[in-house]
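J.: Structure provided below as structure tokens; questions to follow.
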Amino acid sequence: MPPLKKSLPIGMETFTDILTQNMYYVDKTNFISDLLENKSTINHFTRPRRFGKTLNMDMLRTFFELDHDHTIFQNLNISQNNSLCTSHMGKYPVISLSLKGVINTTFSGARYMLSTCLAEEFRRHDYLSNSPHISVIEKIKFEQYCKMDIEPIEPDDSLRFLSILLNKYHTQKVIVLIDEYDVPLDKAHQYGYYDEMISLIRNTLSQVLKTNNSLFFAVLTGCLRISKESVFTRLNNMKVFSVADVMFAQYFGFTDKEVRDMLDYYNISDKYEETGLWYNGYSFGLTKVYNPWDVLNHCYELLTNPYASPKSYWINTSGNDIIRHLISIAKATTKDEIERLISGEIITKKLNTELTYRELYDSVENIWSVLYMTGYLTHASLPSTDTFELVIPNESVRKIFRIQIYEWFKEYAGKDFSKLDNFCMMFRNGDAEGVQNAFTDYLTLFARSPLPLREGMNCAIFIT
């Protein structure tokens, strides 16, 4: 009887669970050696949602952190680098924090959720409270931070303070991992408390990242590349690796070989062509990658139903509030360019990849930068300037454009149809004065959004 195939780790982001529960793992452990070889003090990776950022961060924590079962790395690629494993595996205290859950409609609520995350990380290192290397005053402060989600104290200095204590206890510098740091800023901008949240996040992160003698290095991930001026003020030791950068491109998303190997393993290699058509095509630097969330879900469905058709699984996993707002203020030319993209054309745009949330809505043209950074568009060739040739990467995303983004255009174009119906009725009733007044109002509306007028003009021409 043939051995049972490994399970597909759909939605799983804990490295140890995947390795110990006999699940299929696409080996990205060489990311560790490349990071050590090419790292800056602060390394910031920006990738779209569901491209493996969180799993990679947990892999880094598991590899570097003390007191783990590191035998799970024995058969992985990184194990071939004996000297690196001997020097670095299990040698460091690690601060690991995810901000993806810091979401609330008010600043006080979001601040409380951030405090809760910080308190949980302090409690993960609760052995420090019994350390002979830490002063009584430091122990009292540590215990206050451990219950930060109960007692309202300032979180600003928390991570720097924790790194100092860990360095004292272990006599080893600390690695700091911050996952999805931009989620609280996204929600703060959406709900109107951006200034307060940007100050809180800036103070909390800059304290631990800037001139901290207890820091070995830090890795941060996010979806958007938020300008250094906005969050990382005066941090000159940070290197950003975006979707346009060549270095580390193969470690987020699945490469063609990795997808071929997966399909072969599950005996569905005959689905290679359709899998590529639907889920390949993203360009990260010079590397073509597949959307891993789509690939895993498609493989799962094929294993339960060999006749399953490809779907766009990614459509409901990515935040789209920013995109929707930009579409609500878009011009008719933007809609035409979306139509060109859907038909398979390339459009050329100058992008701003260092936006702040405050600047997002300054220009409708920012929609192209956001669509590019969030994975709805990719570059057709690696640009040498800030001018990009943009294209829809695959059929999965093309379907999203057809059934979601284009529908949003229609929604905002047609949101004033009640007035349009009255306007058309006035023509039928011969109400010249009403037509004149309504048409004046409608021209005012047109000045703000040209899309409704096109619909209105078509109706007026038909009536006459």
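J.: Looking at (1) without any contact (Cβ under 8 Å) to a residue 60 or more places away in the chain; (2) of a type in the set (A, V, I, L, M, F, W, C); (3) in contact with a helix residue (DSSP H, G or I) (Cβ under 9 Å, 6 or more places away or on another chain), which is the only condition Ala249 fails?
T.: (3)
J.: I would also like to ask the following. Select from segment 252-302 the residues that are of a type outside the set (Asp, Glu), touching a Lys or Arg at 6+ places or on another chain (Cβ under 8 Å) and without any contact (Cβ under 8 Å) to a residue 40 or more places away in the chain and list them in ascending order.
T.: Thr255, Leu263, Ser269, Tyr272, His298, Leu302
J.: Right, another one. Do we find that Leu76 is farther than 23 Å from Asp294 by Cα and either touching a strand residue (DSSP E or B) at 6+ places or on another chain (Cβ under 9 Å) or among the aromatic types (Phe, Trp, Tyr) (or both) in this structure? Show your work before the answer.
T.: On the way: farther than 23 Å from Asp294 by Cα: yes; either touching a strand residue (DSSP E or B) at 6+ places or on another chain (Cβ under 9 Å) or among the aromatic types (Phe, Trp, Tyr) (or both): no.
In short, no.
J.: Given the conditions (1) part of a helix (DSSP H, G or I); (2) within 17 Å of Glu120 (Cα to Cα), report the number of the one that Ile153 does not fulfil.
T.: (1)
J.: Sticking with this structure for a sec: Which condition breaks for Phe142 when tested against (1) under 22 Å from Pro184 (Cα atoms); (2) of a type in the set (A, V, I, L, M, F, W, C); (3) touching a Phe, Trp or Tyr at 6+ places or on another chain (Cβ under 8 Å)?
T.: Here Phe142 clears every test but (1).
J.: If I ask for residues that are closer than 18 Å to Ser98 by Cα, surrounded by 16 or more Cβ atoms within 10 Å (Cβ to Cβ) and not charged (D, E, K, R), which ones from segment 15-51 would you list? Write out each step before concluding.
T.: Quick first cut of segment 15-51, residues closer than 18 Å to Ser98 by Cα only: 15-17, 42-51.
Cutting the leftovers down to surrounded by 16 or more Cβ atoms within 10 Å (Cβ to Cβ) gives us 15, 42-51.
Within segment 15-51, Phe15, Ile42, Asn43, His44, Phe45, Thr46, Pro48, Phe51 meet the criteria.
J.: Of the numbered conditions (1) exposed (fewer than 15 other Cβ atoms within 10 Å of the Cβ); (2) within 18 Å of the chain's Cα centre (by Cα), Val370 satisfies every one except a single condition; which is it?
T.: (1)
J.: Hey, can you tell me all the residues within segment 234-262 that are at pLDDT 95 or above and crowded, with 17+ Cβ neighbours inside 10 Å?
T.: Those that are at pLDDT 95 or above and crowded, with 17+ Cβ neighbours inside 10 Å: Phe248, Ala249, Gln250, Tyr251, Phe252, Gly253, Phe254, Thr255, Glu258, Val259, Met262.
J.: Any idea which of Thr54, Thr62 is polar (S, T, N, Q), under 16 Å from the mean Cα position of the chain (by Cα) and either part of a loop (DSSP other than H, G, I, E, B) or crowded, with 17+ Cβ neighbours inside 10 Å (or both)?
T.: Values: Thr62 fails: under 16 Å from the mean Cα position of the chain (by Cα).
That would be Thr54, the only listed residue that is polar (S, T, N, Q), under 16 Å from the mean Cα position of the chain (by Cα) and either part of a loop (DSSP other than H, G, I, E, B) or crowded, with 17+ Cβ neighbours inside 10 Å (or both).
J.: Return the residues of segment 333-367 that are in a helix (DSSP H, G or I), in contact with a Ser or Thr (Cβ under 9 Å, 6 or more places away or on another chain) and not acidic (Asp, Glu); say none if nothing qualifies. Talk me through it step by step, then tell me what you get.
T.: Filtering segment 333-367 down to residues in a helix (DSSP H, G or I) leaves 333-342, 357-359, 366-367.
Then drop every residue that is not in contact with a Ser or Thr (Cβ under 9 Å, 6 or more places away or on another chain), which leaves 357-359, 367.
Passing the criteria: Tyr357, Arg358, Ile367.
The values are calculated or read from the model by the stated rules, or taken from the named source; none is laboratory data. The structure displayed is predicted, hence computed values, not measured ones. Because the Cβ atoms are built from the backbone with ideal geometry, glycine has one as well, and the counts that use them run over all protein chains shown.
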